[in-house]
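What follows is a short report on a single structure.
The values are calculated or read from the model by the stated rules, or taken from the named source; none is laboratory data. All figures in this text were calculated on a predicted structure; none of them were measured in a lab. Positions of Cβ are backbone-derived with ideal geometry, glycine not excepted, and every protein chain shown enters the neighbour counts. Remember, those area values only see protein heavy atoms, side chains included, never the ligands or the DNA or RNA. Shrake-Rupley method; radii C 1.70, N 1.55, O 1.52, S 1.80 Å.
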Amino acid sequence: MRKAYDMLEWNYLEAVMIKMGFHRLWVRMVMWLVTTVSFQVLFNGGKYSLSLPHEGCDRGTSISPYLFLLAAEGLSCLLKHHSLSSELHGLKVEPTAPAVSHLLYADDSLLLFKADMESAEKIQYILDRYCMASG
């Protein structure tokens with residue numbers, strides 16, 4: 001997911017924040033920070049400013065770990081939705097324990113589902129949907 005984060009579409013990030021209930025003013029401020037990229041280049045002793053916005057989030061900025069979490073929340077919600085609707089069955093450590101469908105840690109994702117063709121096709125559908133939405 002680390003490489004995918006570099007290609008994250010800004011409208012996806014904005015949609016996730018709105019869906020999670022962030023105030024529109026906050027979303028606008030964050031999107032301004034993400035989409036306003038500028039560089040200064042030293043050339044022959046002079047400073048030149050460049051503004052080159054691009055899709056994706058730079059990992060070097062102080063806000064990027066939080067934006068990465070927001071992006072991963074989209075995948076997490078898709079997996080939860082399909083698990084709760086009984087389309088997918090997660091792993092249970094005990095019969096009375098709740099099922100665990102996925103674990104996300106840093107830029108790693110661990111998906112825990114029944115190993116059959118129906119589950120594999122459903123997970124492929126979810127991942128394709130996530131990729132299409134996030135870029």
Exercise. Looking at segment 1-21, which of the residues that are modelled with pLDDT under 90 and not in a helix (DSSP H, G or I) is most open to solvent (accessible area, probe 1.4 Å)?
Worked result: MET7
Exercise. For segment 89-110, how many residues meet the condition of being in a strand (DSSP E or B) and either touching an Asp or Glu at 6+ places or on another chain (Cβ under 7 Å) or open to solvent by 60 Å² or more (accessible area, probe 1.4 Å) (or both)?
Worked result: 6
Exercise. In segment 111-135, which residues are acidic (Asp, Glu), open to solvent by 70 Å² or more (accessible area, probe 1.4 Å) and over 28 Å from MET17 (Cα atoms)?
Worked result: GLU118, GLU121
Problem set entry | Subset of segment 72-88 (residues that are part of a loop (DSSP other than H, G, I, E, B) and surrounded by fewer than 16 Cβ atoms within 10 Å (Cβ to Cβ)) | SER85, SER86, GLU87
Seminar exercise, completed: Taking segment 22-44 and keeping residues modelled with pLDDT of 75 or more and either acidic (Asp, Glu) or over 24 Å from the mean Cα position of the chain (by Cα) (or both) leaves ASN44
